[in-house]
Each structure stands twice: as structure tokens, then as C-alpha cells.
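The structure under discussion appears below in the form of C-alpha cells.
The values are calculated or read from the model by the stated rules, or taken from the named source; none is laboratory data. Just so you know, these numbers come straight off a predicted model, no measurement behind them. Note that each Cβ is placed from the backbone with ideal geometry, even for glycine, and that neighbours are counted across all protein chains shown. Surface areas here come from the heavy atoms of the whole protein model, side chains and all, with no ligands, DNA or RNA. Shrake-Rupley method; radii C 1.70, N 1.55, O 1.52, S 1.80 Å.
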Amino acid sequence: MFVRNRPLLGPTPPAMEHPLRWLFLLLGLAFVLALILRQVGRLTARRYTKPLSETMKAADAMAQGDLSARVSVEGSGEFRHFARSFNRMANALETSDRHRRELLADIAHELRTPLTVIQGNLEGLRDGVYDATPEHLDLVLDETQKLSRLVEDLRLLTLAEAGQLPLDPQVLDVGQLLADVADAFAPAADEAGIRLGADATDSLPPLVGDPQRLGQVLGNLVGNALRHTPPGGEVTLGADLPPGSAAPQEIRLWVRDTGEGIAAEDVPRVFDRFWRGDPARSHDAGAGSGLGLAIAKSLVEAHGGRIWIESRLGEGTLVSCVLPLPASE
């Protein structure tokens, strides 16, 4: 009896076909998934690397002096926040650089006039054009004093704005502080034909502050008011408390004048360095350095206070500064 030999290779049994199909299907899905992940990776990388690349280019441009460089606000929420922060920083740097350039130009302008006067008079004295009379020597001396005051004002303003101005806080009687300032400026007011007085609310609480610096604040405000008040006008110093407060935390010092006033569009600029309402009077006698109000603002802020101006053209000006009172025990 013969037995037919079974072929060595033949159709795959049905039991074997099912796993192979799944294997090929899984391999195909893995390949497709790899392609998808690769594409997603490219898109994701592009999404993150593009904002980073743009930011790095903007940072390199700023490092080379181009402070106008900005980045586009796009991408994910984190990158949009980062871009806005970068642009704010760039705006601040550009503004600071512009102010620095303007300050240098202003300083050069302020130094030019007294130096020109000094140089011209000294050359005239040397060449015999002028005699060494007290009048000519006094003129040179006045210009050197202007330079000295300008340099000191700039030094003080720089220290105050940098938060490095040393203060000597003491307990102050506000009424006495106002009276001292009024007494110091009484001769100048009398000479200009202006009434100068002090008006302080009774029973004001003591104020803690540097008497020299606060006196300088009030002195700058009074001096500025006297320069802009015509003969027959009035300048008044005052102090009071916020109304309706049983336990006040602040005290207000103010200076009011009946002078020429300030135009509404100029009020926001009055605390700028070297700003003057009438540029034609920049170097008139007694015109000041143009730093008085800027110094007053910096000194008030150094004491933790704030200062502002209310004025109408032709109706006078009121300058107020609010200072914190010491906390009660």
C-alpha cells in the first residue's frame, strides 16, 4: 500500500494566514504613524524655532545698536507673551536712549551760553578790549556761578533718580518748615513787588522727612512761582490734611501763585528736565536752570510722595505734593 507524499510547500493553512495579515497591517500602520510623527515634528519645530530665530535676530540687531528692532507677536500663547515682553523691553530701551540723547543735547545747550560769555569776557580782558572793572569781573563771576549751580543740580537730580540720594529723616513741624521757606524768599518777593505768605492748617501732625531736601522742594516751587508772577501778584505756601479722615496717612504741601499760568498742553511737560514754557526766556536773568521742578519731583518721590500741577493760562498755578505721614504706634 503506497502512501502519497505531502508536498513540502503548499498553501498556508488558514490558521497561519490571520496572524500574518495582522503583522503586515501593524507594520503598515507603524510606517504611516512614523511619517505622521515626522511631519508633526517638522511643523512643531518650525512653530517654535521660527519665533526663537526671529527673537535672536532682533536681539542681535539691538546689541549692534538698532533699538528699533521688534519681533512679531505670533505662535503659541507662551511665545506671544514672550514677544510682547521683548517688545516692551525694546520700547523702554529706545525711550531711555532717546531721553539720554535729549539730555546730553540739553546739557550742551545750557553750558554753551555761560561758557561763551565767560570766554568772550576773558578774551576781551586779555586783549585790552575791556578794562578789569568790577562790572566785567562780576559778569564773569555770575556766569561761573550759573555753571556751578547747573552742575550741582545735575548731580542732585542724577542721585535722586537713581535712588542713591542720602536722606536725613527727622521729625518736622510743618508750620515751621513753611515759615522758614517764606522767610528765606521774603527779600526776593519784596524786590519783585509780590506778596508772599504761609497758610498752614492748625494742629497738623508732625512730618518725618529730610528738612534740607523738603525745604529745597518748597524753595524750588516758590522760586519758580516768583519768576512767573507779575508785580502786585501773590504767592502762598500752604499745608493741609485730606478731608474726612479721622486718622490721616498723608499730608499735602502746596504752593499757589496768581501768575501767568500754564497752557493745558504744556502741563504734562512741566516736570521734564530743562523744559521751559517760553524758550525765548531760557537765559534771561533769573530764568533758572530748568531743573527746579524736575528736582522737586525726584525729591518728593524719594520721600515716598507724589507731586502734580493744576494750572490754567492767565489764572495762576497750584503745585501740590503729598507726603506720607509716619505710621502711628
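Key figures for this structure:
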item	result
L115 open to solvent by less than 70 Å² (accessible area, probe 1.4 Å), modelled with pLDDT of 80 or more and in a helix (DSSP H, G or I)	no
Subset tally (residues that are open to solvent by 40 Å² or more (accessible area, probe 1.4 Å) and closer than 19 Å to R306 by Cβ) for the stretch 221-243	4
Exclusive hit being within 30 Å of P205 (Cα to Cα) and surrounded by 11 or more Cβ atoms within 10 Å (Cβ to Cβ), set L167, L137	L167
Residues located in the stretch 258-303, provided they are modelled with pLDDT of 90 or more, open to solvent by 50 Å² or more (accessible area, probe 1.4 Å) and within 14 Å of the chain's Cα centre (by Cα)	K297, E301
Given (1) closer than 30 Å to R306 by Cα; (2) in a loop (DSSP other than H, G, I, E, B); (3) among the aliphatic types (A, V, I, L, M), number of the condition V73 does not satisfy	(1)
Residues (open to solvent by 80 Å² or more (accessible area, probe 1.4 Å) and farther than 30 Å from D272 by Cβ) located in the stretch 65-98	E78, R80, H81, F82
Residue within the stretch 200-211 that is at pLDDT below 90 and not in a loop (DSSP other than H, G, I, E, B) present	yes
Residue list for the stretch 118-134, filter: more than 27 Å from G290 (Cβ to Cβ) and either open to solvent by 90 Å² or more (accessible area, probe 1.4 Å) or assigned to a helix (DSSP H, G or I) (or both)	E123, G124, L125, R126, D127, V129, D131, P134
Residues that are assigned to a loop (DSSP other than H, G, I, E, B) and open to solvent by 60 Å² or more (accessible area, probe 1.4 Å), drawn from the stretch 175-199	none
Test for G232: is it at pLDDT 90 or above, part of a loop (DSSP other than H, G, I, E, B) and at positive phi	yes
